[in-house]
Amino acid sequence: MARILIENAVKKFGDFVAVDNVNLEIEDQEFVVLLGPSGCGKTTLLRAVAGLGMLDDGRILIGERDVTYLPPRDRDISMVFQSYAIFPHMKVYDNIAFGLRMQKAPKKIIEERVAEVAELLHIETMLDRYPSQMSGGQRQRIAVARALAVESKVLLMDEPLSNLDALLRLEMRAELKTLLARLATTTIYVTHDQIEALSMGDRIAVMKNGRILQYDHPTRVYDRPAHHFVGGFIGNPPMNFLPALVEKHEGKLTARIGTFRITPEAMLNSALQAYEGKQVIMGIRAENMEALSIPADDALEVEVMVLEPLGAQNLLTIHVGQETLKVSTHPDFTAKMGQKIWLRFPSSKIRWMDKDSGRAIVPDLEKVMA
């Protein structure tokens, strides 16, 4: 079993708190992504799991074993670095075999493991080459093969695809996901690329300022962000946000944007009661709004500023008061700059958030489940 448990982890550099009381549980054979902007603490947390940077407080368990103060060699982990960290003076075979030789594995075992992982990563015909004779994608495969060859309980990956071009990243992303699912390895993967996180992870931990703001399955992180930052960080375009005033209208609790009123889902009434007379933030994805070319009572009149044809969709830029929104429409929907259109906001697709804290306002049931 390679279940990982991180409890109350704290790491400081002088007065700067890089990891701030983080708790994280990763199941055996699970692929978890640490996602966030530069400086959010994700690599520092990964290095703490690897034993490359000791925690100032808290503890780390791999399996049932407390590894908090163990050196890296005693943690039964492998790591793939952003810079590949392969040896230029060694041939591909020797690079892959390096970890096994450090473990003093028998020669026959080394030969079998190197052949197996080289075949898995499609570099079996390149074992006699030097890294300088290979492309960036092939060098990345060497680094992954070396990590897999030692058959550690845990695989740690620190932005392993960031040095590759866009097309190669797409290819390697699919290959890695397939490979790691087949090997059933417990994996922690660090990235600032939201597409990598959403497409690869079983669960995503979104980090900011050393803290985890949301830890959930990719679809829930995208559709139901737990924090304003999460909605704004994930998605291309990111989630749209509009200020709205919560107030009663004709006996119903509504959220008013200018003169336009939205009736939130009934399940949110009890949670939103506390905000009556106050502003909240309405979050909605570009693809979840319905654009109409004719007026409708339940739609907000807006003006088109820009239309970008993107093939599978059109992306509209519009202004609502002082706010700018992005709206994704069917490619057949056309509108000119300055044209009036109407937007419908399905209540089930809206995420309401506290204006001050940024946290999502959720029904009581969801609070219990979170």
Exercise. What is the calculated FRET efficiency for Arg359 to Ser83, with r their C-beta to C-beta distance and R₀ = 41 Å, to the nearest 0.05?
Worked result: 0.65
For this session: May I ask you to derive the FRET efficiency for Asn269 and Asp298 from their Cβ-Cβ distance with R0 = 22 Å, giving the value to the nearest 0.05?
Result: 0.70
For this session: Could you let me know the centre-to-centre spacing of the stretch 141-186 and the stretch 28-91, using Cα atoms, in angstrom?
Result: 15
Seminar exercise, completed: For the stretch 4-232 the mean separation of alpha carbon contacts under 8 Å (6+ apart) over residue count, i.e. relative contact order in percent, is 28
Problem set entry | Square roots of 5 times each gyration tensor eigenvalue, C-alpha, the chain, largest first, Å | 47, 25, 15
Seminar exercise, completed: quick note, the stretch 4-232, DSSP beta bridge pairs, % antiparallel (nearest 5) is 55
Exercise. What is the helix-to-structure angle for 107-120, meaning the angle in degrees between its Cα long axis and the longest Cα principal axis of the chain, kept from 0 to 90 and rounded to the nearest 10?
Worked result: 30
Exercise. What is the pair-distance distribution P(r) of the stretch 1-136, computed from all Cα-Cα distances in 5 Å bins starting at 0, with each bin given as a whole percent?
Worked result: 2, 9, 15, 17, 15, 14, 13, 9, 5, 1, 0
For this session: Compute the convex hull volume of the Cα atoms of the stretch 136-209, divide it by the residue count, and report the result per residue in Å³ as a whole number.
Result: 97
Exercise. Under a point spin-label approximation (7 Å from Cα along Cα-to-Cβ), what is the Ser347-Arg256 distance to one decimal in nm?
Worked result: 1.8
For this session: With label points built 7 Å along Cα→Cβ from the Cα atoms of Asp57 and His330, find their separation and express it in nm.
Result: 5.7
Exercise. Per the helix-only calculation at 222 nm, which mean residue ellipticity applies to the chain, given -39500 (n - 2.57) for every DSSP H run of n ≥ 4 and division by its residues, nearest 500 deg cm²/dmol?
Worked result: -7500 deg cm²/dmol
Problem set entry | Stretchable slack from Ala181 to Glu323, in nm (0.36 nm times residue separation minus alpha-carbon distance) | 46.8 nm
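Just so you know, all these numbers are worked out from the coordinates, no wet-lab data involved. All figures in this text were calculated on a predicted structure; none of them were measured in a lab. Quick reminder, even Gly has a Cβ in these numbers, built from the backbone with ideal geometry, and neighbours come from all protein chains shown.
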